[in-house]
Amino acid sequence: MFIEKLKLNSFRNYPEAEVEFASGVNLISGLNGQGKTNLAEAIVFLCLGKSPRTHQDKELILAGSNYAKVEANVKKNVGNVNISGSISNLEENKFWVNGNQVKKLGELFGNLVCVFFSPSELKIVAGAPSDRRDFCDTDISMLSEAYYNLTLRYEKVLAQRNKLLKFEKDHAKIIDTIGVWDEQLSSLASLIIKTRKSFLAKLLPYAKRFLKEVSGSREDINIEYQGISGETKEELKENIKRALEINLSRDMELGYTTIGPHRDDIKIELNGKDSRAYSSQGQARSIVLALKLAEMKIMEDEIGEKPIMIFDDVFSELDSGRQKRLYECLSGAQVIFTGTNFKFKPNGEFRQFKISDGKIKLKVKR
Ligand SMILES: Nc1ncnc2c1ncn2[C@@H]1O[C@H](COP(=O)(O)OP(=O)(O)OP(=O)(O)O)[C@@H](O)[C@H]1O
Ligand SMILES: [Mg+2]
């Protein structure tokens, strides 16, 4: 799939902008602080229904305005899709697909699918367990509204259980009533863990291959889900239920639930060592790059076409050999690279845009 046209209204530092992208490679250049990341963010906003860099949606609205809008015309195998979203100081964000307002956020997912890589994505390697869980959950949700709804249900039941643990001072009463929540929680948790594990099992062989291809090295990656053990749904459910029981006295002391998929981690190893502790900056970048390319393949397997690949400010960091190899891995996808300057020029067709103070100009079309 690819974005033919993107329109921004009062989004970040863009009062009004319109871009007609190439279906292949797009180079977005500009000095620091001109709006390159803002442009990438606008696309991701239509994909995830939220910004990849802030939880404060109001920041997305041009200073002094009350309302921002982003709209994309997307060409897909199935035909053209128009996707738009609005952010307002006065009401909730709204999204539309072909003019029909989306009722639940989950309905937006899958319409515009992109993979986003920026320096902040290095948190997948170096960050907290929640960063790795988010990476996994966001990707699965893009491909399955059912999984997204499952995570919402889990969070609801978890919040109920935590409320009981936090506010009920009589432990005997907690012990009496918590079974109802544990039954629901373990059932939902087992499905979440099972889905995450099978996603990672699909991701791993691609990540291994891309790490070798892009970094041109013999380095090997391994990914392991860390949480309650179990292979089948039933086994997982039983183990989670037992762990909830075993940890109940601690949970009562602390006032929240200390085990479950909301606490799990994903261990990423490089050459047999925990990458979070041992990998260099360059190695971390190669790992995340390999994971992002693996995401591209998984999405292609699931939806039958390549997602839109967005690389914000990461291309220029790669040496020319890696740039060339990355470029080859991306063939057939719409790619949007941003950077302060581009030393290389792609071989085939591409468009280059220059951004200056929230204005986007087409510079090269080849
Ligand atoms: N809501 C907003 N209203 C107006 N301007 C904004 C808003 N949010 C951010 N900006 C401005 O947008 C600019 C930053 O844009 P952006 O992060 O896209 O820059 P960039 O081109 O990616 O720069 P760099 O190369 O440093 O990453 C800043 O000048 C900032 O003040
Ligand atoms: Mg930037």
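The values are calculated or read from the model by the stated rules, or taken from the named source; none is laboratory data. Quantities reported herein were computed from a predicted structural model and do not represent experimental measurements. Because the Cβ atoms are built from the backbone with ideal geometry, glycine has one as well, and the counts that use them run over all protein chains shown.
Numerical summary
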item	result
Subset tally (residues that are of a type outside the set (Ser, Thr, Tyr) and under 28 Å from ASP170 (Cα atoms)) for segment 226-276	23
Candidate set from segment 69-86 (those that are part of a strand (DSSP E or B) and farther than 14 Å from LEU108 by Cβ); member that is farthest from ligand 2 (Cβ to nearest atom)	GLY79
Residue in segment 310-321 that is modelled with pLDDT under 90 and of a type in the set (Val, Ile, Thr) present	yes
Selected residue (criterion: nearest to GLU305 (Cα to Cα)) from residues of segment 49-75 that are touching a residue at least 12 places away in the same chain (Cβ under 8 Å), touching a Phe, Trp or Tyr at 6+ places or on another chain (Cβ under 8 Å) and surrounded by fewer than 22 Cβ atoms within 10 Å (Cβ to Cβ)	LYS75
Members of segment 27-70 that are of a type outside the set (D, E, K, R), within 6 Å of ligand 1 (Cβ to nearest atom) and on the phi < 0 side of the Ramachandran plot	ASN32, GLN34, THR37, ASN38, ILE61, LEU62, ALA63
Among the residues listed as GLU269, GLU295, GLU300, the single one being modelled with pLDDT of 95 or more and over 16 Å from the mean Cα position of the chain (by Cα)	GLU269
Test result for ASN32, among the polar types (S, T, N, Q), surrounded by fewer than 18 Cβ atoms within 10 Å (Cβ to Cβ), closer than 27 Å to LYS345 by Cβ and in contact (Cβ under 8 Å) with a residue 12 or more places away in the chain	yes
Output for segment 186-212, where each listed residue is in contact with a Lys or Arg (Cβ under 6 Å, 6 or more places away or on another chain) and over 20 Å from ARG242 (Cα atoms)	TYR206
Boolean, ALA22 is assigned by TED's automatic domain parsing to the domain that holds LEU330 and in a loop (DSSP other than H, G, I, E, B)	yes
Residues within segment 145-175 that are touching a residue at least 40 places away in the same chain (Cβ under 8 Å) and buried (at least 16 other Cβ atoms within 10 Å of the Cβ), tallied	10
Pairs, first over 13 Å from ILE360 (Cα atoms) and among the acidic types (Asp, Glu) in segment 36-48, second more than 10 Å from ligand 1 (Cβ to nearest atom) and at pLDDT 95 or above, C-beta under 6 Å, six or more apart	GLU41/SER51
Residues of segment 39-68 satisfying the condition of being within 16 Å of ligand 2 (Cβ to nearest atom) and in a helix (DSSP H, G or I)	LEU39, ALA40, GLU41, ALA42, ILE43, VAL44, PHE45, GLU59, LEU60
Within segment 105-148, helices (runs of 4 or more DSSP H) holding 3 or more residues that are among the aliphatic types (A, V, I, L, M) and either more than 16 Å from ligand 2 (Cβ to nearest atom) or more than 11 Å from the chain's Cα centre (by Cα) (or both)	123-126, 129-143
Filter result for the condition that a residue is farther than 30 Å from GLU317 by Cβ and β-branched (Val, Ile, Thr), over VAL97, VAL125, VAL70	VAL97
